[in-house]
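One structure below.
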Amino acid sequence: MSGETIAVRVVAAEAITPTIKRLRMVARDGARLPPYSAGSHTVLTMASGERVIRNAYSLLGSTLAGGAYEVAVLRAPRSRGGSAFVHDHVGEGHELTLSVPINLFPLNRRARHHVLVAGGIGITPIGAMADELAKVNASFELHYAVRNEARGAFCGDLAGRYGERVRLYVSERQERLHVHDILMRQPLGTHLYVCGPEGMIGNVLADARALGWPETSLHAERFLAAAGGAPFALRLAKSGVATTVGEDQTLLEAIEAAGIEAPFSCRGGVCGECELPVVSADGEIDHRDHYLSAEEKAAGCKIMPCVSRLRGRELVLDL
Amino acid sequence: MTIPFKTETFRDDFTFSNSEAAIRRFPFPFDRDAYMYAVNIEQHMPGPAKSATEFPIDIDEHYVAEMADRDLVLKADPLRCQSLPHMMTAEWDLLELLMTSMARDYPEHFSLERSGREWHWINRPLGIDQRFTFEDPATLPLSPMEYITRQCQGDFCLLDQRDDNLWMDAGIVTTQADWSLDFDLGMNFIEWHGPVPLAHEIGVFERALKFLLNLQQGRPVRRLNWTMTINPRLDTSPENYHRWGIDRTTVTPDNVGDKVHLRVELQALWRLPRSNAIVFSIRCYLIKMRELVTQPKWARRLHRVLRDLPGELADYKGLTNYRETTVAWLSKYDDGAPTSPGFHPD
């Protein structure tokens with residue numbers, strides 16, 4: 001395990017929509033959980049029989065004063081086990097382990113105005129941002145696109161709390177979020193934050209760039225759901241371990257399953273913590289991360305095992 | 001254990017000195033007989049009992065005198081303490097870190113009672129008893145950062161994290177080795193390290209920045225840095241260069257032992273929880289050559305390090321004027337015997 005961890009117990013588990021479950025967790029030893037900043041995530045470690053599952057989830061709200069932690073978990077349509085496990089097996093009293101909060105999607109505190117854009121479950125970090133900005137009386141607006149109100153977690157809550165500052169776009173009612181129009185009327189010094197499906201993030205950022213927004217004012221949370229792929233052989237040169245990376249397993253999970261400690265933080269291909277040196281690759285490395293530069297990916301000397309894998313026979317890592 | 005706080009000065013008559021116990025706990029920075037830059041960062045884990053790293057925040061016999069010196073510096077130059085408006089959350093984070101650490105590790109000197117947001121802080125050595133509301137600046141006599149750092153040894157900088165960089169957007173800096181907060185305020189990590197020679201070429205700062213951007217809550221790190229100072233002066237700032245620069249020309253073979261000091265900075269970095277900022281603490285330790293040579297291993301090693309230091313580094317650290325005289329003086333304590341590995345005295 002990389003970094004500090006906290007042993008927690010689930011004290012409330014509630015289906016807030018047919019596909020989203022909210023978990024509320026407190027420290028098992030009764031200690032105060034550390035405060036965190038909006039945009040932070042935590043990595044949940046769950047034991048499913050023999051298998052250890054680790055998934056990253058954004059922390060809801062922002063407990064600037066410390067307190068219970070809450071996450072909202074969407075049942076992924078093609079879950080590799082994590083979200084399905086939460087939905088099917090995690091209830092009140094269940095014991096889990098969390099990483100300390102890590103923030104890879106922080107607010108820029110020097111912004112004059114904040115435009116928050118969320119699609120679907122992407123509301124989890126965005127809602128925390130609204131919470132924190134409201135607390136410090138910062139200027140913001142929140143645009144939240146959902147399929148229908150029943151599926152949009154927190155729709156009622158947000159409208160109640162932030163009133164005029166929240167706009168809801170329900171696609172079943174033919175309401176469309178026109179980001180271009182929203183960005184057109186923003187003052188200089190505005191920062192944009194977007195979290196949602198990959199396609200939505202791409203469109204929002206493209207609109208902003210077309211309007212000449214500087215890269216440093218654009219912020220996106222693009223956790224990749226670590227997806228599987230064809231199995232391949234793995235050899236760890238230093239540890240002398242040989243194993244197989246299964247089709248539903250990530251490279252990092254296979255390393256952990258072999259009993260080897262490897263560093264990690266976000267498990268979503270963005271933070272860079274799990275970077276490993278490649279000794280040799282019999283096949284083509286399938287880089288899926290947002291961390292390595294194009295040149296680094298082409299060179300093939302490094303891999304981010306939390307999301308990337310090999311299309312080929314055998315990968316040898318310097319671990 | 002009660003610390004016997006000393007009455008001493010770091011200016012004018014320079015009465016500062018280290019007790020025998022303080023010499024033994026001095027954080028000697030060389031683990032071998034040569035020195036070159038490296039990303040020498042390690043976890044800020046508790047060190048051995050009575051060492052400078054036993055606790056995350058080290059309070060020692062110089063505490064009361066150092067706080068009095070800080071007050072003099074701030075009275076003469078209020079710009080040594082500055083904070084940009086977006087750093088208020090980080091200031092509260094820092095106050096919490098320092099108060100909780102000091103009260104936990106030195107309960108005979110400091111205590112903190114918390115009832116929700118209502119806090120009660122007692123600092124016995126400085127005679128302070130303060131009730132206040134956490135996150136309500138109107139309830140403290142000074143801003144949270146200035147309030148608590150006037151009661152804690154070491155300089156502190158608050159680094160905001162944005163654009164994949166760290167920005168020095170707040171700090172209190174009164175015991176510095178010739179750098180200026182007023183000059184560096186608002187700069188990013190690469191900018192404020194601009195003047196350092198050699199290290200850029202070997203990629204030290206890019207690697208260190210990448211590492212720090214991923215620094216986690218609850219996992220602070222530390223490193224040691226060093227230079228030398230003539231007379232035990234804490235405030236060797238560019239602002240006051242006209243007062244201390246000339247001291248470098250006053251070293252003679254007869255006064256090396258008392259005038260020349262090894263200056264070590266125990267630098268630590270913590271991720272702060274509410275602000276996602278990083279606090280960079282720079283705690284200065286001074287030791288006279290006469291005190292240092294009471295430990296034969298340190299005497300041999302410092303002699304070799306100073307003798308063999310690359311010229312660019314000696315210039316950057318400002319040692320050039322008195323290096324030769326100091327090396328000659330230290331050579332009397334170096335019989336050429338091998339030194340054992342590690343920092344600690346034999």
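The values are calculated or read from the model by the stated rules, or taken from the named source; none is laboratory data. Just so it is clear, the structure is predicted and the values come from calculations on it, not from any experiment. Glycine gets a Cβ as well: all are built from the backbone with ideal geometry, and neighbour counts include every protein chain shown. All accessible areas refer to the heavy atoms of the entire protein, side chains included, with ligands and DNA or RNA removed. Shrake-Rupley method; radii C 1.70, N 1.55, O 1.52, S 1.80 Å.
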B:HIS120-B:THR9 pseudo-label distance in nm [points 7 Å out on the Cα-to-Cβ vector]: 4.0
Chain B: calculated mean residue ellipticity at 222 nm from DSSP helix runs of at least 4, using -39500 (n - 2.57): -8000 deg cm²/dmol
Which of the residues in region B:131-175 show a loss of at least 50 Å² in accessible area from their chain by itself to the complete set of protein chains, at a probe of 1.4 Å? B:ARG162, B:ASP163
Gap separating the Cα centres of region B:237-277 and region B:143-188, nearest whole Å: 16
Given the -39500 (n - 2.57) contribution per DSSP H run of 4+ residues, what per-residue ellipticity at 222 nm results for chain A, rounded to the nearest 500 deg cm²/dmol? -5500 deg cm²/dmol
Partner lysines whose C-alpha sits under 23 Å from that of A:LYS135, ignoring same-chain residues fewer than 8 away, are none
Is region A:61-183 best put as rounded, prolate or oblate by its Cα gyration tensor, with a ≥ b ≥ c the root eigenvalues, rounded for a/c under 1.5, and otherwise prolate when a/b is larger than b/c, oblate when not? oblate
One finds, for B:ASP33 and B:ASN321 with R0 = 22 angstrom and r their Cβ-Cβ distance, a FRET efficiency to the nearest 0.05 of 0.40
Could you work out how far helix B:320-331 tilts from the main Cα principal axis of chain B, as a 0 to 90 degree angle to the nearest 10? 60
Region A:214-279 and region B:3-61 have their Cα centres apart by a whole-number Å value of 41
If you roll a 1.4 Å probe over the heavy atoms of the protein chains, what accessible area per residue do you get for the protein assembly as shown, in Å²? 42
Just read off the accessible area of A:ARG173 with the full protein assembly in place, 1.4 Å probe, to the nearest 10 Å². 120
Solvent accessible area, Å² - A:THR124, 1.4 Å probe, full protein context: 10
With a point put 7 Å past each Cα toward its Cβ, work out how far B:SER180 is from A:ARG173 in nm, to one decimal. 5.9
Post the alpha-carbon centroid distance, region A:99-175 to region B:94-108, in whole angstrom. 36
Yeah, region B:41-159 with a ≥ b ≥ c from its alpha-carbon gyration tensor (a/c under 1.5 is rounded, else prolate when a/b outruns b/c, oblate otherwise) is rounded
Where both partners of a DSSP beta bridge lie in region A:194-319, what percent of those bridges are antiparallel, to the nearest 5? 70
Hits among lysines - C-alpha to C-alpha of A:LYS238 under 19 Å, sequence gap 8 or more where chains match: A:LYS302
In percent, what relative contact order does region A:1-138 have, based on Cα pairs under 8 Å that are 6 or more apart in sequence? 32
Output the residues of region B:252-281 meeting this criterion: accessible area (heavy atoms, 1.4 Å probe) in the chain alone minus accessible area with all protein chains in place is 50 Å² or greater. B:ARG274, B:ASN276
Simple SL model, points at 7 angstrom along Cα→Cβ for B:LYS210 and A:SER239; separation in nm is 2.2
Sorted on mean Cβ neighbours within 10 Å (highest first), peptides A:194-206, B:304-316 come out as A:194-206, B:304-316
Given a 1.4 angstrom probe, I'd like the percentage of the accessible area of region B:11-132 that is carbon and sulfur, rounded to a whole number. 55
List the residues of region A:22-39 whose accessible area drops by at least 20 Å² when all protein chains are present, compared with their chain alone, using a 1.4 Å probe and counting only protein heavy atoms. A:ARG32, A:PRO35, A:SER37
Taking chain A as a whole, which cysteines find no other cysteine Cβ under 4.7 angstrom from their Cβ? A:CYS155, A:CYS195, A:CYS274, A:CYS301, A:CYS306
Tell me the total accessible area that B and A bury against each other, 1.4 angstrom probe, in square angstrom rounded to 100. 2000
Of all lysine pairs in chain B that are eight or more residues apart or on different chains, those with Cα atoms under 27 Å apart total 19
Name the long-range amide H neighbours of A:PHE264: under 5 Å, sequence gap of 5 or more, or other chain; modelled H, no Pro or chain starts. A:SER2
Inside 10 Å of the C-beta atoms of A:97-110, what's the mean count of C-beta atoms belonging to other chains? 5
Anisotropy class of region B:42-107 from Cα gyration tensor, a/c 1.5 cut: oblate
In a GNM of chain B with a 10 Å cut-off on Cα contacts, which of B:PHE28, B:PHE132, B:PHE156 has the highest mean-square fluctuation? B:PHE132
